[in-house]
């Protein structure tokens with residue numbers, strides 16, 4: 001089954017729906033009492049998307065949260081297993097880049113005003129992502145900024161196979 005279940009963005013969650021927070025929840029002292037990813041239950045639903053849900057957590061603490069600050073637990077779990085794009089966006093793997101270089105005409109001083117800046121490199125995912133059921137993508141790409149980063153193991157395998165793109169990355173000036 002490769003089709004994902006469709007969730008309507010205007011759906012109002014009913015009371016009793018298990019949800020996962022997408023933001024940190026501050027307690028009464030202003031400190032984070034419930035970090036992003038905490039599970040709670042909707043105890044009060046709003047009439048529209050302008051108002052907040054009331055969510056109760058396991059310790060009895062309740063917080064008002066907007067729809068964009070929570071997601072259904074089932075949808076969250078579905079996104080964790082097999083949806084690489086979603087896992088990348090949640091984990092922000094671009095923060096895990098350990099080597100970045102400029103390649104192409106810019107690297108050799110041949111660029112002009114019309115030349116784009118091509119970046120390549122390596123990223124090292126966190127261990128819990130690497131060992132998870134859904135794994136990590138072998139390559140991260142941002143087409144808008146002409147960036148591509150290989151996962152460390154993939155980079156090493158390509159280097160051992162003398163892949164010209166990887167070798168250019170290694171020997172760039």
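The values are calculated or read from the model by the stated rules, or taken from the named source; none is laboratory data. The structure displayed is predicted, hence computed values, not measured ones. Positions of Cβ are backbone-derived with ideal geometry, glycine not excepted, and every protein chain shown enters the neighbour counts.
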Inset, instruction - Can you tell me which residue within the range 111-123, out of those that are touching a residue at least 12 places away in the same chain (Cβ under 8 Å) and surrounded by fewer than 17 Cβ atoms within 10 Å (Cβ to Cβ), is nearest to the chain's Cα centre (by Cα)? - result: 117
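Can you tell me how many residues within the range 97-110 are in contact with a strand residue (DSSP E or B) (Cβ under 9 Å, 6 or more places away or on another chain) and either in contact (Cβ under 8 Å) with a residue 60 or more places away in the chain or under 18 Å from residue 156 (Cβ atoms) (or both)?
8
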Inset, instruction - Go through the range 140-149 and give me each residue that's farther than 13 Å from residue 103 by Cβ and surrounded by 14 or more Cβ atoms within 10 Å (Cβ to Cβ). - result: 140
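So which strands (runs of 3 or more DSSP E) stay within the range 6-114 end to end and still have 3 or more residues that are over 19 Å from residue 132 (Cα atoms) and modelled with pLDDT of 90 or more?
Working: elements: 18-21, 32-34, 39-44, 53-57, 62-65, 70-72, 97-103.
Result: 18-21, 39-44, 53-57, 62-65, 97-103.
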Inset, instruction - Run residue 131 past the list (1) more than 24 Å from residue 77 (Cβ to Cβ); (2) surrounded by fewer than 16 Cβ atoms within 10 Å (Cβ to Cβ); (3) free of Cβ contacts under 8 Å to residues at least 24 places away in the same chain and report the number of the one that doesn't hold. - result: (1)
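Whether any residue in the range 156-168 is assigned to a loop (DSSP other than H, G, I, E, B), under 30 Å from residue 77 (Cα atoms) and without any contact (Cβ under 8 Å) to a residue 60 or more places away in the chain is what I want to check.
Here is the first cut: in the range 156-168, the ones assigned to a loop (DSSP other than H, G, I, E, B) are 161-163.
Then keep just the ones that are under 30 Å from residue 77 (Cα atoms); that gives none.
No - not one qualifying residue is present in the range 156-168.
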